[in-house]
Structures are given as C-alpha cells and as structure tokens.
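One structure below.
The values are calculated or read from the model by the stated rules, or taken from the named source; none is laboratory data. Small disclaimer: the values here were computed from a predicted structure and weren't measured. With ideal geometry, Cβ positions are generated from the backbone for all residues, glycine too; neighbour counts draw on all protein chains shown. With ligands, DNA and RNA removed, areas are computed over all heavy atoms of the protein, side chains included. Shrake-Rupley method; radii C 1.70, N 1.55, O 1.52, S 1.80 Å.
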Amino acid sequence: MAREVQITFDAADPGALAAFWADTLGYEVQGPPGDFESWDQALEAMGVPPENRNDASAVVDPAGSGPRLFFQRVPEGKQAKNRVHLDVRTAPGLTGDERMAALEAEADRLVGRGASRLARHEPAPPLNAGHLVLADPEGNEFCLD
C-alpha cells in the first residue's frame with residue numbers, strides 16, 4: 001500500500017513562501033477548515049494570537065494527485081545546501097534548444113516572483129537533457145527540469 005507524502009519546508013515567512021510555491025507548481029493555498037471563510041476567521045476562533053498567524057501555511061494540488069507542501073516558521077535561516085530538492089518538471093518531452101528555451105522562460109517568470117538563478121546545465125546526451133538550478137525566495141534550491 002502506497003503512503004501519502006507531505007513535503008515540509010522550514011521558512012522565515014511561511015505565507016509568502018507558500019504563495020511562491022503555489023504559483024510555481026500550479027497549486028493553491030490550502031483553504032481554511034470547516035465553514036470559515038478565511039484563515040484569519042479560523043485562527044481567531046481557535047484563539048491563535050495575531051503574531052502567530054503566519055507560523056504555518058500549506059499548498060495543495062487542486063487535482064488532488066500531488067503531495068501537500070507544508071511551510072513552518074523556524075527562527076534560524078537556511079545554513080547549507082539542500083540535501084533534498086524538488087525538480088519542477090517544466091519541459092517534459094522537449095529536447096535541445098526548445099527544452100532550454102522553455103526552461104529559461106519559466107526561470108525568468110520565477111525570478112520575477114523572487115527566485116534566484118544559481119546554475120545552467122547544458123544538455124549532454126544521452127543522459128543529461130539539460131536543466132536549470134534556482135533558489136526560492138528563502139534560498140532553497142530546486143531544479144527546472
């Protein structure tokens with residue numbers, strides 16, 4: 001039996017990082033529980049003080065097939081290179097110049113949303129189709145593949 005997976009990110013600003021990843025993946029910020037119209041209403045009803053209302057956020061795949069991403073506030077900043085990272089499949093099925101152009105276009109869009117470019121790896125057939133390495137607004141590395 002397969003298990004569901006949630007990917008958890010430590011963050012300084014969970015709400016902002018969740019919005020970045022929702023946009024990047026075509027996900028949506030998870031809605032509030034029950035009949036609440038907003039997270040502020042839900043958190044107010046739960047007695048969560050205003051200064052703790054951005055302690056966590058989550059994004060979900062609207063189709064229900066991808067993993068939930070959870071963002072939790074931590075006091076320390078990122079210290080070193082990620083040991084695990086996401087590969088965002090931006091150009092599946094594309095090869096050569098067409099693939100790299102699609103990756104560059106998506107990289108430009110994400111840089112406009114706060115990402116940083118870290119590296120470009122050119123295609124080296126037959127095993128490497130080429131990819132870009134970026135960092136999200138808090139420095140977490142990911143690849144456009």
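Details
- Subset of segment 3-35 (residues that are under 20 Å from Pro62 (Cβ atoms), of a type in the set (D, E, K, R), at pLDDT 95 or above and outside any helix (DSSP H, G or I)): Glu28
- Subset of segment 11-61 (residues that are under 22 Å from the mean Cα position of the chain (by Cα) and of a type in the set (D, E, K, R)): Asp13, Asp23, Glu28, Arg53, Asp55, Asp61
- Check on Gln41, out of contact with any Lys or Arg (no Cβ under 8 Å at 6 or more places or on another chain) and open to solvent by 80 Å² or more (accessible area, probe 1.4 Å): yes
This table checks each residue for (1) under 26 Å from Gln79 (Cα atoms); (2) surrounded by 13 or more Cβ atoms within 10 Å (Cβ to Cβ); (3) among the polar types (S, T, N, Q); (4) modelled with pLDDT of 95 or more.
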{"residue": "Met100", "(1), (2), (3), (4)": "no, yes, no, yes"}
{"residue": "Gly114", "(1), (2), (3), (4)": "yes, yes, no, yes"}
{"residue": "His121", "(1), (2), (3), (4)": "yes, yes, no, yes"}
{"residue": "Asn140", "(1), (2), (3), (4)": "yes, yes, yes, yes"}
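- Taken over segment 63-91, the criterion of being open to solvent by 80 Å² or more (accessible area, probe 1.4 Å) and farther than 19 Å from Glu138 by Cβ is satisfied by Ala63, Ser65, Arg89.
- Contact annotation: residue pairs with Cβ atoms under 6 Å, 6 or more positions apart or on different chains, pairing a residue in segment 52-74 that is over 23 Å from Ala12 (Cα atoms) and modelled with pLDDT of 95 or more with a partner that is among the charged types (D, E, K, R) and not in a loop (DSSP other than H, G, I, E, B), are Pro62/Glu28.
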